[in-house]
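A.B. asks: Dropping a structure here in structure tokens format, bear with me for questions.
Coordinate-derived values only; no laboratory data. Here the structure is a predicted model, which is why all the values come from computation and not from measurement. All Cβ positions, even for glycine, are placed from backbone atoms using ideal geometry, and neighbour counts span all protein chains on display.
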Amino acid sequence: MSEMGVAGRTVLLAGATSASGLAVAKALLDSGARVVATGRSGDRLAPLSDAGARVEVADATSLDEMAAVAARVGAIDGVISLVGGWRGGGGLAGQSDDDFAALMPALEAVRATSRAFDSALQASDAGRFAIVSSVSVARPLAGGANYAAVKAASEAWARAVAQGYAKAAQNSGEPLRAASVIFRAKALDPESLAAAVVALWDADATALNDRVVDLV
């Protein structure tokens, strides 16, 4: 497949059982894409299956489980990491270790999914990897320090993925075809995210790789 656009492509949504996951899945399906949705609960994946997505019960924070999904799915054109959550408040003194640990799965999912699907995304003629971050990375608050720190680490990882794509293309002498993108939101709107995900295949990888996209 060499034409641009998401129609006919296969996109995996990791940790897709939220309202955002369902909105993104529906937008992709409506645009003609094939969707694979992962989550830890079969019951919570049911709405995605009803919408037309293929569902895989798997933990997006586990490299082994994501690698197993990658082996079952085969060729793929996009991976969107949607594992999130919020804990905060109470100023710096309120940034508990328990809250930090509860936020860590978002980073763990970025790490696991990017590694498990790295070769498949680079084999696609338009591989796309994307994460959802927050404007708090640019302006962190004491009461959200745990959250901003995890999001900043996730962004750093996604940027490293982008550098890996660029380096692999340079080393092979081939054009850059894969892109790693960071979506930043203040208050995440599922429909805004869905439209931005669909649009990932409307631009060349060179225009997208290592890009931060602010959602409105």
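A.B. asks: Being of a type outside the set (D, E), free of Cβ contacts under 8 Å to residues at least 40 places away in the same chain and assigned to a loop (DSSP other than H, G, I, E, B) is true for just one of G85, G90. Which residue is that? Reasoning before the result, please.
C.D. replies: On the way: G90 fails: free of Cβ contacts under 8 Å to residues at least 40 places away in the same chain.
When all the criteria are applied, what remains is G85.
A.B. asks: Taking the range 124-179, which residues are hydroxyl-bearing (S, T, Y) and more than 24 Å from G84 (Cβ to Cβ)? Don't jump to the end; show me each part of the working.
C.D. replies: To start, the set of residues in the range 124-179 that are hydroxyl-bearing (S, T, Y) comprises 124, 133-134, 136, 147, 154, 165, 172.
Across the range 124-179, the qualifying residues are S124, S172.
A.B. asks: For V198, all conditions in the list (1) outside any helix (DSSP H, G or I); (2) within 13 Å of the chain's Cα centre (by Cα); (3) not charged (D, E, K, R) hold save one; what is the number of the exception?
C.D. replies: So V198 meets the others, but not (1).
A.B. asks: If you don't mind, there's one more thing I want to ask. Identify all residues within the range 16-45 that are aliphatic (A, V, I, L, M) and either in contact with a strand residue (DSSP E or B) (Cβ under 9 Å, 6 or more places away or on another chain) or surrounded by fewer than 16 Cβ atoms within 10 Å (Cβ to Cβ) (or both); write none if there are none. Spell out how you get there, then give the answer.
C.D. replies: Residues of the range 16-45 that are aliphatic (A, V, I, L, M), as a first pass: 16, 19, 22-25, 27-29, 33, 35-37, 45.
Result: A16, A19, L22, V24, A25, L28, L29, A33, V35, V36, A37, L45.
A.B. asks: Here's another thing I want to ask about it. Only one of V79, V110 is surrounded by 15 or more Cβ atoms within 10 Å (Cβ to Cβ) and touching a residue at least 60 places away in the same chain (Cβ under 8 Å). Can you tell me which? Step through it out loud before you land on a result.
C.D. replies: Working: V110 fails: touching a residue at least 60 places away in the same chain (Cβ under 8 Å).
Of V79, V110, the one residue that is surrounded by 15 or more Cβ atoms within 10 Å (Cβ to Cβ) and touching a residue at least 60 places away in the same chain (Cβ under 8 Å) is V79.
A.B. asks: Continuing with the same structure: I'd like the full set of residues that are part of a helix (DSSP H, G or I) and surrounded by 21 or more Cβ atoms within 10 Å (Cβ to Cβ), limited to the range 47-68.
C.D. replies: L48, M66
A.B. asks: Given the options V24, V36, name the one that is among the β-branched types (V, I, T), part of a helix (DSSP H, G or I), under 24 Å from G127 (Cβ atoms) and in contact with a helix residue (DSSP H, G or I) (Cβ under 8 Å, 6 or more places away or on another chain). Break it down stepwise before answering.
C.D. replies: Numbers: V36 fails: part of a helix (DSSP H, G or I).
Sole residue among the options that is among the β-branched types (V, I, T), part of a helix (DSSP H, G or I), under 24 Å from G127 (Cβ atoms) and in contact with a helix residue (DSSP H, G or I) (Cβ under 8 Å, 6 or more places away or on another chain): V24.
A.B. asks: Any chance the range 134-142 includes a residue that's in contact (Cβ under 8 Å) with a residue 24 or more places away in the chain, surrounded by 20 or more Cβ atoms within 10 Å (Cβ to Cβ) and outside any helix (DSSP H, G or I)?
C.D. replies: yes
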